[in-house]
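Single-structure report; data block below.
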Amino acid sequence: MTFSPAPWPRRLRSQEWYGGTSRDNIYHRGWLKNQGYPDDLFDGRPVIGILNTWSDLTPCNGHLRELAEKVKAGVWEAGGFPVEVPVFSASENTFRPTAMMYRNLAAMAVEEVMRAQPIDGAVLLVGCDKTTPSLMMGAASTDIPSIVVTGGPMLNGWFRGERVGSGTALWQMSEDIKAGKMTQEEFLQAEQAMSRSSGTCNTMGTASTMASMAEALGMALSGNAAIPGVDSRRRVMAQLTGRRIVQMVKDDLKPSDILTKQAFENAIRCNGAIGGSTNAVIHLLALAGRVGVDVTLDDWDRCGRDVPTIVNLMPSGKYLMEEFFYAGGLPVVLKRLSEAGMLHDDALTVSGTTIGEEVKGAQNWNDDVILPVEKALAASGGIAVLRGNLAPNGAVLKPSAASPHLMKHRGRAVVFEDIDDYKARINDDALDIDETCVMVMKNCGPKGYPGMSEVGNMGLPPKVLKKGITDMVRISDARMSGTAYGTVVLHTAPEAAAGGPLAVVRTGDMIELDVEARRIHLDISDEELAARLAAWTPPAPMFTSGYSKMFVDMVEGADTGADFTILKGNRGHEVPRDSH
Ligand code: FES
């Protein structure tokens, strides 16, 4: 695919504010000049918005103001006019009930920030899980030239000679305490070792996955995803990104030029190869909806089915993002996909060239981190999409994080009505449950636990853990952290709170899981299922006002990306009428 730059120079949208001698032009320019900008900066050069998700309460993005300075340097060098703009920062580790409830709010805010202001091009400065998809979604809806640069992962955590992977170690250690393998004091000591530097989670969790998705989609410069947050090369990447966005504006290279069906298929296959987070399913479906590209759950299953997971990172494997970077990072993985005929080489990227061209020179420096196919962590590593009477609209499972012996399983359901019910009963040794059972949790989907909490990887009952058992089949309409693992069926749709079949599962029902056959089945008759659904009544709403209510009322199902219907599609960037 070739890209034909638009004629340059041309009048950019920022000139609607700054390019003229009207009262309104003087008003807009005059106010900005209170920051000491000389007259010639308003000569028609691109105004580049550096949309910054920095926040003290988003520690994963805590270093983005420093990176913003490097982006600015790049923009100045290339002849642009950089302006740093703070945008909504939904932190994964502080926002309640879950940061996911605010992804759409953040995306909506970013879209309006871009459209309503004199921004000709945008650098999306992101990192923590929801910041990357929300900014890409907002940018896609405006279709203003945009480029992603992420903050990069933290350095490895180390505790007693072992790697401590963000999140993954937290889940493991909390299970070890329940199993009597670790003391609370040791857990507190480990806390000191978990987060050694600025940056995002150092596992292949959702932040690293979404950074990889941005790169595989072609929305970030090649090599961006894996550079540690504190590595000097991260700052170089920021500066190069600043330079590049100016040229993108000159060429009018827009998100809709890059976010094609081929780009999404590349990203889906990449997710299978890296053992990426199940959260990417929801975010890419939502992003595709913003650009009007037809991507469905079936595309996830079709494209991911034959992709081996070759990146040996937690939670599926043993290393962390720092080692992935040293091994060559994502370009190596994309090159391997290309060599296997699994990459659309001619998909365009923000660089102005094709992804195949970008990665053809990549080299693998450590084949224990980026594995040969014969040693893949999972031969079929792509997200499996399950269907059946329990999930008519689909559910997902991550094969690389699941236990092979549980991929085909029939077990007795032990049902928890919601997360509170689960917490109240799971540690009770009187609970009638063993490792052959299927744990079921309801009412944790987009509407049920607004935002769809990351609780799908329910911790196992202590009495099972004490037997040395580390995995059981779990089913819910929740999400799970990208750092988590287990044979966990997620995103069951329709969700329980919307009256999906999950709502009427009862303790004692038998459930069949067959990942190879892509089947999830509640073993009751059609008549019994229909009768239970007819008798079902929805749970009382958790919120009756404010954004939370708006979210519950407007959010779509997980199977289409949990976006708001009114936000779907590319609404462009026509300048709103000036009201002064
Ligand atoms: Fe922010 Fe993991 S919690 S990147």
Being open to solvent by less than 10 Å² (accessible area, probe 1.4 Å) and not in a loop (DSSP other than H, G, I, E, B) is the filter; apply it to segment 434-473 and report the residue that is farthest from residue 104 (Cα to Cα).
-> 464
Condition set more than 15 Å from the ligand (Cβ to nearest atom) and part of a strand (DSSP E or B), scope segment 103-129, selection farthest from residue 17 (Cα to Cα): answer is 124
Got at least one residue in segment 265-277 being open to solvent by 10 Å² or more (accessible area, probe 1.4 Å), within 25 Å of residue 375 (Cα to Cα) and free of Cβ contacts under 8 Å to residues at least 40 places away in the same chain?
-> no
Segments classed as helices (runs of 4 or more DSSP H), wholly inside segment 130-195, with at least 2 members that are free of Cβ contacts under 8 Å to residues at least 60 places away in the same chain and open to solvent by 20 Å² or more (accessible area, probe 1.4 Å) = 168-178, 184-194
Taking segment 38-53 and keeping residues touching a residue at least 24 places away in the same chain (Cβ under 8 Å) and of a type outside the set (Lys, Arg) leaves 41, 42, 44, 46, 47, 48, 49, 50, 51, 52, 53
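So which of 208, 212, 222 ends up being open to solvent by 10 Å² or more (accessible area, probe 1.4 Å) and of a type in the set (S, T, N, Q)? Break it down stepwise before answering.
Details: 208 fails: open to solvent by 10 Å² or more (accessible area, probe 1.4 Å); 212 fails: open to solvent by 10 Å² or more (accessible area, probe 1.4 Å).
On inspection, the qualifying residue turns out to be 222.
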Residue hits (segment 229-259; over 30 Å from residue 203 (Cβ atoms), in a loop (DSSP other than H, G, I, E, B) and either without any contact (Cβ under 8 Å) to a residue 60 or more places away in the chain or open to solvent by 10 Å² or more (accessible area, probe 1.4 Å) (or both)) are 252, 254
Any residue in segment 92-114 that's within 20 Å of residue 556 (Cβ to Cβ): show its pairings with residues that are of a type in the set (Asp, Glu) and within 14 Å of the ligand (Cβ to nearest atom) at Cβ separation under 7 Å, as long as the two are six or more apart or on different chains.
-> 98/454; 99/92; 99/129
With the checklist (1) at pLDDT 95 or above; (2) open to solvent by less than 60 Å² (accessible area, probe 1.4 Å) in hand, flag the one item residue 528 doesn't pass.
-> (2)
Selection within segment 385-403 - surrounded by fewer than 22 Cβ atoms within 10 Å (Cβ to Cβ) and under 18 Å from residue 472 (Cα atoms) | 403
Could you please let me know if residue 378 is touching a Pro at 6+ places or on another chain (Cβ under 6 Å), under 14 Å from residue 268 (Cα atoms) and open to solvent by less than 20 Å² (accessible area, probe 1.4 Å)?
-> no
Could you check residue 466 against (1) among the charged types (D, E, K, R); (2) at pLDDT below 95; (3) in contact with a His (Cβ under 9 Å, 6 or more places away or on another chain) and say which number it fails?
-> (3)
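Name the residues in segment 44-65 that are away from the ligand (no atom under 16 Å from the Cβ) and in contact with a strand residue (DSSP E or B) (Cβ under 9 Å, 6 or more places away or on another chain), would you?
Taking segment 44-65 and keeping what is away from the ligand (no atom under 16 Å from the Cβ), we get 44-51, 65.
Result: 45, 46, 47, 48, 49, 50, 51, 65.
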Give the residue that is nearest to the ligand (Cβ to nearest atom), with candidates limited to residues of segment 196-205 that are part of a loop (DSSP other than H, G, I, E, B) and crowded, with 19+ Cβ neighbours inside 10 Å.
-> 201
Number of the condition not met by residue 409 [criteria: (1) open to solvent by 60 Å² or more (accessible area, probe 1.4 Å); (2) not in a loop (DSSP other than H, G, I, E, B)] | (1)
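The values are calculated or read from the model by the stated rules, or taken from the named source; none is laboratory data. None of the values given here were measured: they were computed from a predicted structure. Glycine also receives a Cβ, built like all others from the backbone with ideal geometry; neighbour counts cover every protein chain displayed. Remember, those area values only see protein heavy atoms, side chains included, never the ligands or the DNA or RNA. Shrake-Rupley method; radii C 1.70, N 1.55, O 1.52, S 1.80 Å.
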